[in-house]
Structure formats: C-alpha cells, structure tokens
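Before any comments, here is the structure.
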Amino acid sequence: VYHHNRHESAIRTGTSQFLIAMLLGFLDTFTASIRSVGTACTMAGVGIYLHRRNFVVGDGKRTLALISQQVTIPAFLFSKIIYCNQDWSTDPCPNVTSHLGSVWMLLVWPIYVVAVGFLVGWLAGVVSDTPKWQMKSVLAACAFGNSTGLPITLLAVIHANFPATSKLGSVDPALFLAVYLLMYPVLQWSIGGWLLAPEEEDEEEEPESQLLIKKSDIETVLQNKMLEKGFIQTCNGIEAIGVKESAEQVPLMTEKLKSYTEPAMLREDEERKISIVPLIETVKMVMSRVFQPPVVGAVLGLIIASTRLRGIFVDLIDRADKAALEWIFDGIYSVGQAAVPINMIILGCNLSAAQMKKSSDKLLSMETMIAMVVGKMVVMPIIGISSVLILKKYFWNIPDGIDASFYLVAMIVFITPTANNVMVMVELSGSGTKEGIAQVIGFQYLCAPLLLSLTVTAVVAVAGSI
C-alpha cells in the first residue's frame, strides 16, 4: 500500500509539473503576443495624435503613403535579406537564398492566402447582407491582410523574446517573410488595386426638357414632310406622286467610290497605327503593377544575397562592419527601420479620420463589420493553422533548423487584420471607400488585444511544437 500510494503521488506530482510547465509556456507566449500587439497599437496611437492635431491630414497622409511604398518598405526588405549582424562572431552569416529550395512554397503561398480571404470575405458579405456596392471593399479587406508592418513587428518581437538556442530564436522569421512578399505585392497591387479603384463616373448628360406634344401635331408634321419628298399617304399605304423616273435616269451605282487619297481614308490608316499604342500602354501598366517598389527591393536583395556582391555591402568574414560599401548599406538599413513606424502612423491617421467622419453613406453596417472581424480574425486563423498542419503531415518536409520559423510565417499571414499596405493602396488610389476600410480596421484593432493575442499565441505554440 505504501509503495502504491507513493507511486500515485509521483504520478500526480509529474502531472502537476507538466501542467505548470505548459501553463508557464502559454503565459510566456501570450505575454510575447501582448507585447507585439501593444507595440503596434502604440505606434498607431502616434498616427491618431498627429491626425487629431491636424499635423498629418489630407495630402500629408498621401505623402506618408508614398514614402512608405516608394522608399521605406523596399529599403526594409532589401536590407533584411542581405543583413548580417556585425558582432565579430565567427559563425557564418545566415543566408535566405540557401534555403529557397526548401521554402519555395512561400512563393505561391500568397495565392492560397488571398483565395481563402476572398472566400471568407464573400461568405461574410452574404451572411451580413452587405450591399452590392460595398462587396469589393469587404473582399479586399478580408483577402489582403496586413502583410508587412504588423507581421514584421510581430515576428521581430517574437524572435526577440525567444533565446538564441530555441528554434524561433535561432533563425529570424522575417527572412522567410521576404520570400512570401515576392508574390504577395503582385496580387495586392493588381487585384487589390482593381477592387479598391474608384468607380468611373458616367459623363453627366444634359437633362432633356420634357415637352408635351400632341399626337395630331406629329401626324401633321409627318404628312408635310412626305409631301415635300413627293409621297402621299393613301389607304393602300405610301405612294409616290408625279412622274416616275425612267430606267435611264436611275444611276448604275448608288455608292460613291472610296478614294484612298481622301482625308477620311488617311485618318483610318492613322487610327490603325495608333491602335497599337493602347497595347503598349497596357503592357506598361501591367509591368508597373507587377514590379512595385517593394517587389523590386526584395528581388534586388535576393540577387545580391545569392552572389558575391553581398560581401561588398556587409562584412561576411570578420563581421566587423568593414565592408567596402557597408556605409551605403547602413544608410539603407536605417531608412528601412522607419517602414514599420510610418505604416502604423498611416493606419492611425486613417482610424482617426474614420472616427471623425460625420456622414455614414460610405461606412459599413455593424452587421458587416462583425461578420468581417469574425471571418478575418477567427475563421481565417483556424483555416491557416489547419492548412499548415495538414500540409506538414502529408506534403511538406522542411529542414529541422528552419522549420519553426517557416511555419510561423506561413500561419502568421493568416491572422493579421487588414491594415498598412492596404491602407496605403486605398490612400494612393483616391478611392471613396477609405473611410469604410479604416472603420473596419479600427473595429478589428479594438478586438486585437484579445483575438490577435490568442491567435498569435496559438501559431507560436504550434510552430514551436512542430
């Protein structure tokens, strides 16, 4: 009996220690998530302050959006890919290009994420009975989540809160986010730009004057016109009056021969030549959509990181900050560090503008916003985590050293609310839906301290245990 009781006591003690360890691990992860969300909300609060004080309004918001899109985000992605910590370490610098063969799935992962977002957005719109003219905003808000500012902030804080000996602390997840962002901006700025573009207004027609004309007046006018042309209305129909033309008087050809020296024909030739111009303009437009500055920055970073050019910008041997052009890299790196704050400031400005908006014709209903928040911050995280677990079990085989960071990135792009780059795109497009989009984002961020912290905790726990 004594040994039996002692054995049961040991089991209870082991179970208690295991539960306490799990609880402490959960609390650590939850604390890291709260810190990440709190950091993002603090930076957004700066944008709210600047907008309320009228420091950043109107063109000021657009200027910030242009700075973010054209400079800071490309600089951040470029410097992040070729970055090597100059700490005089003897360890080799991490290189994301060496893992491209293992993480190629992240190149096409945005297609799946956006497709799931469209499906969830459509379901949210149907369930909430959203008006047809607002459906594009609902689809864009669900499909194109925060892909740069908030994920970068979350990944940086998560990475910093884990020791270097752990899986999530040894490899910076932002390296794999850069691979994801190679395809994502193409979808965002092409499909998203089309969805959020303002509707083309039809040319205003001059109002037609309403005249009351009697039927007898119309008949009188028609009879007078027929008499002038040599016709008369009879009981048998319309008949000609006067002398009929003889066969010799009828012209053999009724159509005028076309002269290829006439101005009209010359204009037709010019129009055929000019018709080629729209095709060239279309190609230019598509290329400009595809090769947005963030994409160019990421591609240039990958090219340099995969060649010996990387050693010119960062010291790969001694890691002592002595590369020939490291001063250029340091400048680009410093500019890139402003990407996250500027993005969050833009978000805060738009949240403030939506809250101060008096009219509600462009805002979304409460039913639509609730459906979007549930779909974006509850349904999509569940789909993302489930998809990663299924793919990991049956299809994906990621190397042990990078698997935790890879899975973290694959899941975290499902859980973030609509913000940052989407708001930049709305601001640049001049769309009238920006108040509604900002309103939805504000509602999501009101729920973020609870929902986002829980989903971040879940994805970190799953990534760390895989």
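Count of region 153-177 residues, restricted to those that are closer than 12 Å to Leu106 by Cα and out of contact with any Phe, Trp or Tyr (no Cβ under 9 Å at 6 or more places or on another chain), is 1. Does region 362-372 include one or more residues that are more than 28 Å from Gln439 (Cα to Cα) and either assigned to a loop (DSSP other than H, G, I, E, B) or in contact with a Cys (Cβ under 7 Å, 6 or more places away or on another chain) (or both)? Scanning region 362-372, I find no residue that is more than 28 Å from Gln439 (Cα to Cα) and either assigned to a loop (DSSP other than H, G, I, E, B) or in contact with a Cys (Cβ under 7 Å, 6 or more places away or on another chain) (or both), so the answer is no.
Does region 295-311 contain any residue that is modelled with pLDDT under 85, loosely packed, with under 14 Cβ neighbours inside 10 Å, part of a loop (DSSP other than H, G, I, E, B) and over 26 Å from the mean Cα position of the chain (by Cα)? No, that holds for no residue.
How many of the residues making up region 50-67 are closer than 15 Å to Ala338 by Cβ and not in a helix (DSSP H, G or I)? Of the residues in region 50-67, 1 are closer than 15 Å to Ala338 by Cβ and not in a helix (DSSP H, G or I).
Taking helices (runs of 4 or more DSSP H) that do not extend beyond region 107-184, which have at least 1 residues that are over 30 Å from Ser306 (Cα atoms), open to solvent by less than 30 Å² (accessible area, probe 1.4 Å) and touching a residue at least 24 places away in the same chain (Cβ under 8 Å)?
Once the helices (runs of 4 or more DSSP H) in region 107-184 are filtered for at least 1 residues that are over 30 Å from Ser306 (Cα atoms), open to solvent by less than 30 Å² (accessible area, probe 1.4 Å) and touching a residue at least 24 places away in the same chain (Cβ under 8 Å), what remains is 135-143.
Out of (1) surrounded by 17 or more Cβ atoms within 10 Å (Cβ to Cβ); (2) out of contact with any Gly (no Cβ under 7 Å at 6 or more places or on another chain); (3) more than 26 Å from Leu391 (Cα to Cα), the odd one out for Tyr49 is which? Every condition holds for Tyr49 apart from (1). Which of the residues that make up region 59-101 are crowded, with 21+ Cβ neighbours inside 10 Å and hydroxyl-bearing (Ser, Thr, Tyr)? Answer for region 59-101, where residues must be crowded, with 21+ Cβ neighbours inside 10 Å and hydroxyl-bearing (Ser, Thr, Tyr): Ser68, Thr72, Ser79, Tyr83. A single entry from Phe26, Phe30, Phe78, Phe18 fulfils the requirement of being under 30 Å from Thr457 (Cα atoms), in a helix (DSSP H, G or I) and modelled with pLDDT of 80 or more: Phe78. Considering the conditions (1) in a strand (DSSP E or B); (2) modelled with pLDDT of 55 or more, Ile238 is excluded by exactly one of them, (2). Considering Gln292, Gln355, which residue is at pLDDT below 80 and touching a Phe, Trp or Tyr at 6+ places or on another chain (Cβ under 8 Å)? Residue meeting the stated conditions: Gln292. Hey, does region 117-128 have a residue that's among the β-branched types (Val, Ile, Thr), more than 17 Å from the chain's Cα centre (by Cα) and more than 30 Å from Asp400 (Cβ to Cβ)? Within region 117-128, one or more residues are among the β-branched types (Val, Ile, Thr), more than 17 Å from the chain's Cα centre (by Cα) and more than 30 Å from Asp400 (Cβ to Cβ).
Residues checked against (1) closer than 22 Å to Pro185 by Cα; (2) modelled with pLDDT under 90; (3) touching a Leu at 6+ places or on another chain (Cβ under 8 Å); (4) assigned to a helix (DSSP H, G or I):
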| site | (1), (2), (3), (4) |
| --- | --- |
| Tyr333 | yes, no, no, yes |
| Cys349 | no, yes, yes, yes |
| Ser359 | no, yes, no, no |
| Met377 | yes, no, yes, yes |
| Met380 | yes, no, no, yes |
| Gly384 | yes, no, no, yes |
| Asn397 | no, yes, no, no |
| Asp400 | no, yes, no, no |
| Thr418 | yes, yes, no, no |
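Every test in (1) at pLDDT 75 or above; (2) surrounded by 22 or more Cβ atoms within 10 Å (Cβ to Cβ); (3) within 26 Å of Val108 (Cα to Cα) is passed by Met423 save one, and that test is (1).
The condition of being aromatic (Phe, Trp, Tyr) and farther than 24 Å from Ile346 by Cβ holds for Phe118.
The values are calculated or read from the model by the stated rules, or taken from the named source; none is laboratory data. Keep in mind it's a predicted model, so treat the numbers as computed, not measured. Cβ: placed from backbone, ideal geometry, glycine included. Neighbour counts: every protein chain shown. What goes into the accessible areas is simple: the full protein's heavy atoms, side chains included, and nothing from ligands, DNA or RNA. Shrake-Rupley method; radii C 1.70, N 1.55, O 1.52, S 1.80 Å.
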